[in-house]
1. Which of the following residues is part of a loop (DSSP other than H, G, I, E, B) and within 30 Å of residue 420 (Cβ to Cβ): 370, 313, 333?
2. Could you count how many residues in segment 289-307 are at pLDDT below 90 and either touching a Cys at 6+ places or on another chain (Cβ under 9 Å) or not assigned by TED's automatic domain parsing to the domain that holds residue 253 (or both)?
3. Let me confirm something: among 187, 113, which residue is touching an Asp or Glu at 6+ places or on another chain (Cβ under 8 Å), hydrophobic (A, V, I, L, M, F, W, C) and modelled with pLDDT of 85 or more?
4. I'd like to verify a number: residues in segment 338-357 that are hydrophobic (A, V, I, L, M, F, W, C), more than 25 Å from residue 314 (Cα to Cα) and surrounded by fewer than 19 Cβ atoms within 10 Å (Cβ to Cβ), how many?
5. Just checking, which of 105, 64 is modelled with pLDDT under 90, assigned by TED's automatic domain parsing to the domain that holds residue 241 and among the aliphatic types (A, V, I, L, M)?
6. Just one of 131, 182 is surrounded by fewer than 16 Cβ atoms within 10 Å (Cβ to Cβ), more than 25 Å from the chain's Cα centre (by Cα) and under 16 Å from residue 217 (Cα atoms); which is it?
7. Among the residues of segment 423-440, is there at least one that is under 29 Å from residue 223 (Cα atoms), outside any strand (DSSP E or B) and modelled with pLDDT under 90?
8. Just to verify a result, which residue in segment 55-73, among those that are free of Cβ contacts under 8 Å to residues at least 60 places away in the same chain and outside any helix (DSSP H, G or I), is farthest from the chain's Cα centre (by Cα)?
Amino acid sequence: MRFNLILVLLSLLAIQLTASDNFDSIRTIEGLDDRSDLTFSVFGDNRGESLETSIYLARMVRWIGESDNEFVIGMGDHLRRGKNSLFSDFIKEHIYWTQQFFPGISKGEEDFFGADNGCEFIKQTEVTYNRGFVYNNTGCAYYVPITRNGYVIHLIQLNRITSESVSSKAAFLNKQLKALKRDKKSFVILTANADETNWLTLLPKSVQKLCREKADLIFTSNDNYCHRIPLKARKKNEPLMLDTGSTDHAYRWNPNGFIQIHVLSNPSALVVQYLDLSQPQREIQHSEFAWIKYPGKQVEPAIFRMEKPEENLEIIVGVLPEKYNQKQINRILSKLYSKAAKADVSYVLPSDTFPNKEVQFKDLWSVFPLNQEIIVLKLTPLEIRESLGGTVPVEKDTIRLAIGKFASYSVIEKLKLPSNRIERPGVYEIKILHNWVEEQSVIKQ
């Protein structure tokens, strides 16, 4: 009896070591690819950017193509009012995206098509390769079983939840979840957007409970930075809820990025990562942006590698000779914008100044939380006054104006500027601010 007990204990230990070894031995993204039975991705918030206008979106598309990615889930805000439809055209023109993209809609699609017509984006990009779509009464939410490599991913896309639609979408979600039949090779993913980051709290408590019991992964795209959203869940079966960040408009110190999910069978697990699109190549993430969801169990951070020095948000960039107030920092940043973009004047909107003379890396993002690309617009003095107001300090027929990418949208749209009057020197806010702090620092690193 004692001998048998020892054998049982040794067997359990061997299983645990095997499971541990499966993750401990993974140190590269290619190693994770090799271990996976299935890989798929989730992204959103490109806001009308296309492969022609965004190096980040183009990079994501390339990485998806290189990693045997089976399908892609869209979180919405793929379009933007006044922006062209190049992203929609891209989907229609590329067979993989036509067949493997499961679109979502949010405020961007509603603005693009009109308040009541955001669902047009789903109709234009509907995945014809799959069968089994079940739509709600408006066609703006759907359930679809996605079958790949012997697995079934039950996807329920609620899209944008408003006070007017919450009741009907809760009823749709409740009905679909109760009808689900799943086994060890099936997973449940829920997606939605709302003004509340944790959109579950908008639902009736009975539906919230059902979501926590049935779902493996729950996604939202509200805050524009990837982070885990805590849930009150059963101890033994906790879904992983994430904000999926943004491919092009990441906020605070988040890099632009997207979610990639690897499905493993030994042990059975979902490895979820937010991949950094500021890097030239796809690479495995550290525990701030990597999680392991075990079916029927809780979520754990994935520790594939240590944080790099440049990923440490509390690293000291420099120590400034004085503490600058908002007016002072505005003047300094205006000059930095113009110099970096080789412009005559600039239009810059910093959010804050530095809290202390000692500047940490995360403090750079307090000043420029969106890390915008700096655009140069070639304008006349009259066009600058009409679109931005104020006086123009330079007397020239054509003035080179440096402006943040997001602020440039309204100017370009209002003046209907042709492409030959728009330049993209490839300069970003955080980089020029980082360099300036290092140059001004009284203590050299």
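1. On the way: 313 fails: within 30 Å of residue 420 (Cβ to Cβ); 333 fails: part of a loop (DSSP other than H, G, I, E, B).
Just a single option satisfies the conditions, and that option is 370.
2. Selection size over segment 289-307: 0.
3. On the way: 113 fails: modelled with pLDDT of 85 or more.
Checking each option against the conditions leaves just 187.
4. So the first thing to find is which residues in segment 338-357 are hydrophobic (A, V, I, L, M, F, W, C), and the list is 340-341, 343, 345, 348-349, 354.
Right, trim to more than 25 Å from residue 314 (Cα to Cα) and you get 340-341, 343, 345, 348.
Among the residues that remain, those that are also surrounded by fewer than 19 Cβ atoms within 10 Å (Cβ to Cβ) are: none.
Residues that pass the stated criteria total 0.
5. Working: 64 fails: modelled with pLDDT under 90.
None of the others qualify; the one that does is 105.
6. 182
7. no
8. 68
The values are calculated or read from the model by the stated rules, or taken from the named source; none is laboratory data. What you see is a predicted model; the values in this text were computed from it and never measured. Note that we place each Cβ from the backbone using ideal geometry, even for glycine, and neighbour counts take in every protein chain shown.
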